[in-house]
Amino acid sequence: MVYLAIKELATTAEDVIMVTSSIMKDMQPNSEVIYRPNAIRALCRIIDPSMAQGVERFFKAAIVDKNTSISSAALVSAYHLFPAAKDVVKRWVNEAQEAVQGKSSSSFFNSSGGSSYLGWGSSSSNTTSGYQPIPSTSYITQYHALGLLYLIRQQDRMAVTKMIQQLGGGKTGAGTVLKNPLALCMLIRYAAKIMEEDPNMQRQILELIEGWLRHKSDMVNLEAARVICEIKGVTAAQLTKPIAVLQLFLSSPKSSLRFAATRTLAALALTHPASVATCNVDLENLISDQNRSVATYAITTLLKTGNEASVDRLMKQISGFMSEISDEFKVIIVDAIRSLCLKFPAKHASMLSFLSGVLRDEGGYDFKRAIVEAIFDMIKFIGDCKEQALSHLCEFIEDCEFTKLSVRILHLLGLEGPKSPQPTKYIRYIYNRVVLENATVRAAAVSSLAKFGLNAGEAKLSKSVNVLLNRCLDDVDDEVRDRAAMYLKLYEEQQLAMTYVKEESVYSLSALESKLVSYLSDPDAGEKPFDASSIPKVSREQAAKEVARPSTLETIGVPSSSKAATPPPPSAAETQSQYAQQLAEIPEFTSYGQVLYSSTKATQLTESETEYQVSCVKHLFEEHIVFQFNVSNTIADTVLENVAVIMEPQTDSGLSDDFTMPIASLGANSPGIGYVSFTRDESTAYQTASFQCILKFVSKEVDPSTGEPEEEGYEDEYSLEDLELSAADYILPTYVTFSSEWDRLRGGVTVTETFALPAMESLKAACDSIIEILNMQALGGSEEPQSTSIHTLQLSGLVAGGGGKALVRCRMTYSKAQGVTLELSVRTEKQEAANLVIAAIV
Amino acid sequence: MNLSLYTVAALIIVDTDGHRVLAKYYHPAGDPNPTPKRLTTLKEQRAFEKGLFQKTKKAGGDITLYDGYLAVYKHSLDLICYIIGDPSENELMLLSALASFSDAANMLLRNQLEKRSVLENLDLVLLCLDETIDDGVIVETDSTTIASRVSRPKADTTEIVINEQTLMNAYQTVKEKMQQRIGQL
């Protein structure tokens, strides 16, 4: 008991010498056996790393002690100590090895405990008390020793592989010295790790793991089966054996076994529904399982593997027990149904009625949201059910307690409602919201109403909406009144209505945010109004794509896997604002003003396998251009100091060198950032140039014992690939409605030139390269040529630095003999911008 | 996949009202892949226990997923014992740890794993827990060994307890012996 107290206090104690010495006394080999393990375990909590050396002898002796408890305790303590005192613990590897072999425990092995490999099995319990503690029959020491060995060797793949082969026994897995199921589970995990890292070993290790599928212990079988199921790119043939094992578990009387098996199968069904389908009969029995979690997993698995015919039956069974399970599992089921109805659109009727049924049930926000999103998806992808689904949603908002959901539904009604044959029936629902709900919902309802009025063709309808909007002008809330007034105004001016209500594009939100933030932080800018035209626009489809939930078709039905999903890579606009923030932190650049534009993708200036890796990002300022170099050093044990990139403009570029900001010191594998700044001689001209780049640095070796770099180093150079400053660095893709904008720019600058591109092999290749060179947005799907011989590509972009909009129409023809012939028409607001675009192609 | 020995995130015992009897949460310092710091404050832990109890108070099951954790549990008279682990953990591994702990505790408390006896013998139960799980590492899965390591070697076993029951027992034996003797006569 004293030891427990010591352990709990360990984190707060400061003066530990007294305690240590008394514990050490207990650890002496001659003291009573029962206290030694506790003493060892308590000791590891209180000593600090420097003292580990002093107790080394005790630990070594304890690890190989005949008594398993002492040995286990020593191993576990060593495991805890490892992060703090790596070097000391590493020296105990031989002792741990011996413990794994289990020589010591065999002397304690008595025949009566022979069958109890499982700790909870039939342990003989005749002498429960007495002076001599009962030796463990569980071989748990092996588990701890194996864990410690792996911890020590985990950096060394060869050693781990060898360990697995040594301990894994022959092909059947029968010859293994490991008797503890937990230890075997760990071994399987290590094996799986190796297999993932080293494809060459895959076949060999897979055989080993398959051997473990026939082990006596369920725990080992389960671990092996699960590992095989989780292998990336596993084939159907490889899956048959583990699935057979899991299938056995499905009919087991233990609910935890059933749970484990169904959980694994549900995860597997996401990727290999066909393989799991063999278990369908067993799974169907589990739907009525006592344990609701098992039942839920069984159903979701069935929903994924099932065919069209079984859907109706399943739906009936689900609705039977929907009321008995918790919200979390309800969400899982709703998600599964959502993916299912996208898979079998023909069954939408029964599913929709099911969804609307559960929508009326009790439930929390998450559950309702899942249902509403499922219905949204159905509206989006299945045209037939639109009308019915909308009316279900209308009913739902009649008594919806969640403001957020009401607003989303009202927005959707505004979008979809006017297109339906009878828009009038929705108006009643929406106007009810205006009368009954809180301010947020009222505002949303007003917008939605106005969309009906403006988009509907009938004059009668828009007139009645007009009357309703007029009534909203008396609302108590400002927002509601404002919206109503604005939409009433739109009635009178059709042109404005076009832009506000029917506009297909929206601002890129993250770009808009970063611009607004910099606008607010800059006191000078406050005098002029905010310039929204420099913000790229994206079409609605793109915006929808960006925020698209990853779960439209391949819905993830398993909560555990949602953790594993990686976050999507940051969008271009996010990296932009990130760069802007980085630059703002550097004092030299504050006088430059705002970043007009940063190239989104970093250009690699080295091969990815070289010693030094350099990539470049360009930042464009009003009068300057700054190159940001991300340098990383991959050679261990060296430090690079004074790292600078020397840039030589090759042609007469109109750029003059300002300064180079070197990286002071660059350790191994920690990237650093250096800058080179140029002044643009004329801020209106668009300079293009090619630069020769050389990386200069002082290389110093690191003394491995101290970790300090040596005094002397040598200067070195490393030549990088040439860097191009081209038209694409000035142009930002943006979305416009091409035909109307093209007509509007008729008054601007128009330049037309014809090029022959004999090297291009197809129209598609030409389109791709033009888009890449100009860095513009292709419009209306014109980046995918429909015909092989003739095509028109429409592009739009924003030219940085006040160049305004630039539209490009490329008319192309293709013939085998001549390659692609291109007629390029550019319309811009300014001459320079047009020149820039034309020059880029030449 | 969890490649370390740190398997158990917490062991909790609650009573029939969902109140905590015993709870130990493990946040090992040396864990190579530290989970986001959760369940560190008493408030979070209380909320977690409450929710978990609501889900599992009905007898029957022994495993569930709750709030991003895998929980195996066992009903015992008026208590529920939980072992909480990472959702990717082997269910049977946790279950074996739980079974060995509850078996050992049962042995120590003479098959009366209930709130009263746990509180009365809290020292034994805590030691038992310490012998089963050390900072998230399963130390022992053999319940007999655990129990034997916890129960103190009694220096003096001849201590005689005199109460109503023992007196009655003595009386009974005397009576039987007398009857035998009389029968022999």
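Each value in this text was obtained by applying a stated rule to the coordinates, not by laboratory testing. Computed from a prediction, not measured in an experiment: that's the story for all the values here. In this analysis, Cβ positions are derived from the backbone assuming ideal geometry, glycine residues included, and neighbour counts consider all displayed protein chains.
Structural remarks
- Per-pair calculated FRET efficiency, R0 = 45 Å: A:Asp361 and B:Asn111 via Cβ, rounded to 0.05: 0.55
- Residue pairs, from the table A:Lys386/A:Lys451; A:Lys419/A:Lys451; A:Lys66/A:Lys216; A:Lys66/A:Lys86, whose Cα atoms sit over 22 Å apart: A:Lys66/A:Lys216; A:Lys66/A:Lys86
- Across region B:8-150 the C-alpha pair distances fall into 5 Å bins from zero in the proportions 2, 10, 22, 24, 23, 14, 5, 1 percent.
- Principal-axis tilt of helix B:42-56 within chain B, Cα atoms, nearest 10 degrees: 70 degrees
- When you restrict to C-alpha pairs under 8 Å that are six or more residues apart and normalise by the size of region A:351-495, the relative contact order lands at 16 percent.
- In plain terms, the residue of A:His791, A:His144 with the fewest other Cβ atoms within 10 Å comes first and the most crowded comes last, giving A:His791, A:His144.
- Ranked A:Tyr79, B:Tyr171, B:Tyr66, criterion: other C-beta atoms within 10 Å, fewest first: B:Tyr171, B:Tyr66, A:Tyr79
- Peptide A:143-152 has a mean shielding of 3, counted as Cβ atoms of other protein chains within 10 Å of each residue's Cβ.
- Label-to-label distance for A:Ala61 and B:Lys177 is 5.1 nm, based on points extended 7 Å past Cα in the beta-carbon direction.
- Sequence-separation-based contact order of region B:8-150, relative, with Cα cut under 8 Å and 6+ spacing, percent: 24 percent
- Shielding of peptide A:78-91 by partners, expressed as the average count of other chain Cβ atoms within 10 Å per residue Cβ, is 2.
- Förster radius 35 Å - calculated FRET efficiency between B:Lys50 and A:Ser319, Cβ distance, rounded to 0.05: 0.75
- Calculated from backbone phi, Karplus (6.51, -1.76, 1.60) coupling profile of region A:197-207 in Hz, x at Gly/Pro: 7, 10, x, 5, 7, 3, 5, 4, 6, 4, 4
- The count of lysine pairs in region B:8-150 whose Cα atoms are under 17 Å apart, excluding pairs fewer than 8 places apart on the same chain, comes to 12.
- Neighbour counting of Cβ atoms within 10 Å sorts the residues A:Tyr730, A:Tyr714, fewest neighbours leading, into A:Tyr714, A:Tyr730.
- Within 10 Å of each Cβ in A:292-298, the average number of Cβ atoms from other chains: 2
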